[in-house]
Amino acid sequence: MSNTDRVPTPNQWKEHIKRLTAGGASYADVRYYSEDLSGNISLHNGNLVNPYSGGSGIAQQSESGYGVRCLYGGAWGFAASSDPAQITATFDRALDNAKTAAGRVSFPIRLADKEVLSGEFVSPCARDPFDVPIEEQIAFLNGLDAVLNQTGVAQRAINLSATRTKIEYYDSEGAEIRKQIINFFPSMTVMGRGTSGDMQRRTYKPPRLGESRGWEIMDPEHWHTEGERLVRELNELLVAPACPVDTRSVIILPDMMFLQVHETIGHALELDRILGYELSFAGGSFVRLEDFGNLQYGSTRLTARADATVPNSPGSFGYDDDGVAAQNRLLIDRGTLVGAISSRQTVTEANAKAGRDIFAGSGGANRACAFNRTPIERMTNINIDPGNDGNLDDIIADTERGIIVSGDRSWSIGSNREQFHFATEIAWLVEDGKRCGVVRNPSYQGMTLDFYRSLTAVGDASTWEVHYVPNCGKGAPGQIMQLGHGIPVCRFDNVKVGE
Ligand SMILES: [Zn+2]
């Protein structure tokens, strides 16, 4: 939509919505993306690499458009376009699609009540990454690359990716919302071949570093210090013995625990999965509707929540694509399953199918990744509350035989999230309350419920970090979403490691 003078005013969007409700729609909304910009710059072994084309340079793409959703006869209709000349036709097509679908609907859709809001959300960013001159970005990359280019490092990669999205939202209930969201995901990796012949690697993807998340987090001193640490740890890995095959305590640092939570709490508690809507796409869930309020998901140390109010995280977006304001909802309360990641549609369906009111209103987690996709349940910030077991040193001192694991390397998860196997980049053995040497190729595995029930230590607030996920995939057609996890250090007992 390049011809900006043809873009409708708010009143014109509302008139189109009124036309649909006059035509029989019980509900309608529109999301207009005036901008959806993404950019990526990568340096591999000192060379600029365009990850989209395989050529050299910097990749950037931009699009704009609008998506219209409406309900008719208990069925959704959706249509989208990037052509401002097609607005009337696109609204009409959404209603036509809903009318066609209404003849085939097996469970008529009802939307849970919501508070009708008008508002604005702007994600915190001191320096827009898209405003940073390319020469400055390349100078940063070259400076950091020189730090990584050391003995033992066979391959080194630095990647900066950013998105900027501007969205207007209107619905037939009267909501009017504006959002501007900048996401920025820098990372660096070093790899080398060890004395045993296998490849080892260390990666740094920064957790939340402050109040905002633009180019200001690219403080060279911080990145050079972290780069030196990666090189040092890689060189330790290159000569380290293999992780023992054993049953031990596993102390999981937040830069790994976020993925554990993502895969075995977050995805397992998406209500559309629980209702079976993702079975042939991303998978299902072992959780059943009768489990809410009853299932002992973990030990009493485990309290998990979906908190879209966390400052400065991609899982915080002000309002979801149902126009529901950011929620902070308990998922697991001192071990007991109490909540899910939900939307206006799924909470009414789940309550009706369960024959009881499990959910009080939408959890505000319905999000689309682009103007031409319909919103589905997505994680917000799926967090573990800090505990009372001290800091990392306290937890190590309290551990007889264990390993400390850090950095996700590979994962394998049951499609219903009932079991898992994770390999991590690095681990340190713990013997008699002391941190010992590094071991290579660490891994651990378990059954989800048994594992969380063996949670025996949760670090205090000093160990709590917000880690970001830039690429959570779900839905058909596929949607890639950004979110966060606020996570303390956690220890689990009697875990199979090293195989
Ligand atoms: Zn995911």
Taking I17, I138, I413 and counting other C-beta atoms within 10 Å, the order from fewest to most:
I138, I413, I17
Relative to the longest principal axis of the C-alpha atoms of the chain, give the angle of the C-alpha long axis of helix 87-102, reported between 0 and 90° and rounded to the nearest 10°.
80 degrees
In degrees, nearest ten, helix 134-148 long axis to first principal axis of the chain (Cα)
30 degrees
Quick check on the chain: helices-only [θ] at 222 nm, where DSSP H runs of length 4 and up contribute -39,500 (n - 2.57) each and the sum goes over total residues. Nearest 500, please.
-6000 deg cm²/dmol
Percentage relative contact order, the chain, counting C-alpha pairs under 8 Å, at least six apart
15 percent
For the chain, state the average projected area of the convex hull of the C-alpha atoms over all orientations, rounded to one decimal in nm².
23.2 nm²
Please name which of Y27, G390, N45 has its Cα lying farthest along the dipole of the chain towards the positive end, using unit charges on Cβ (Lys, Arg +1; Asp, Glu -1) and the Cα centre as origin.
Y27
With a 30 Å threshold on alpha-carbon distance, the violating pairs from K179/K205; K14/K353; K18/K474 are K14/K353; K18/K474
If the cut-off is 14 Å between C-alpha atoms, which aspartates and glutamates fall inside it for K496, apart from same-chain ones fewer than 8 positions away?
D246, D450
Under the definition of Cα pairs under 8 Å and six or more residues apart, what whole-number percent is the relative contact order of the stretch 4-238?
21 percent
Debye, to nearest 20: dipole size of the chain, +1 on Lys, Arg Cβ, -1 on Asp, Glu Cβ
1080 debye
Mind checking which of S299, G192, L429 is farthest towards the positive end of the chain's charge dipole, using Cβ charges of +1 (Lys, Arg) and -1 (Asp, Glu) about the Cα centre?
S299
Largest first, please: the extent of the C-alpha atoms of the stretch 394-496 along each principal axis, to the nearest Å.
51, 28, 27
If every Lys and Arg gets +1 and every Asp and Glu gets -1 at its Cβ, then about the Cα centre the stretch 246-497 yields a dipole, in debye to the nearest 20, of 440 debye
Charge dipole (the chain, unit charges on Cβ, about Cα centre) - positive-most of G152, T165, N235:
T165
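Give me the net charge of I395's neighbourhood, meaning all other residues with Cβ under 11 Å from the Cβ of I395; Lys, Arg count +1, Asp, Glu -1.
With Lys, Arg at +1 and Asp, Glu at -1, the neighbours total -3.
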Ascending count of other beta-carbon atoms within 10 Å, so fewest first, for S106, S462, S82:
S106, S462, S82
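If you rank T163, T225 by fewest surrounding Cβ atoms within 10 Å, what's the result?
Lowest count first: T225, T163.
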Using the Cα centre as the reference, give the magnitude of the dipole from point charges on the C-beta atoms of the stretch 4-238 (Lys, Arg: +1; Asp, Glu: -1; all else neutral), rounded to the nearest 20 debye.
800 debye
Please report, to two decimal places, log10 I(q)/I(0) for the stretch 77-230 at q = 0.11, 0.13, 0.18 Å⁻¹ as given by the Debye formula with identical point scatterers on the Cα atoms and no solvent.
-0.71, -0.81, -1.10
Extending each Cα 7 Å along its Cβ direction at T374 and T300, get the distance between those two points in nm, one decimal.
4.5 nm
In this structure, the FRET efficiency calculated for N328 and T247 from their beta-carbon separation, with R0 = 56 Å, to the nearest 0.05, is 0.95
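Any read-out appearing in this document is the output of simple, stated calculations on the displayed coordinates, not a laboratory observation. These numbers were taken from a predicted model, which means no experiment stands behind them. Don't worry about glycine lacking a Cβ; one is built from the backbone with ideal geometry, like all the others, and counts go over all protein chains shown.
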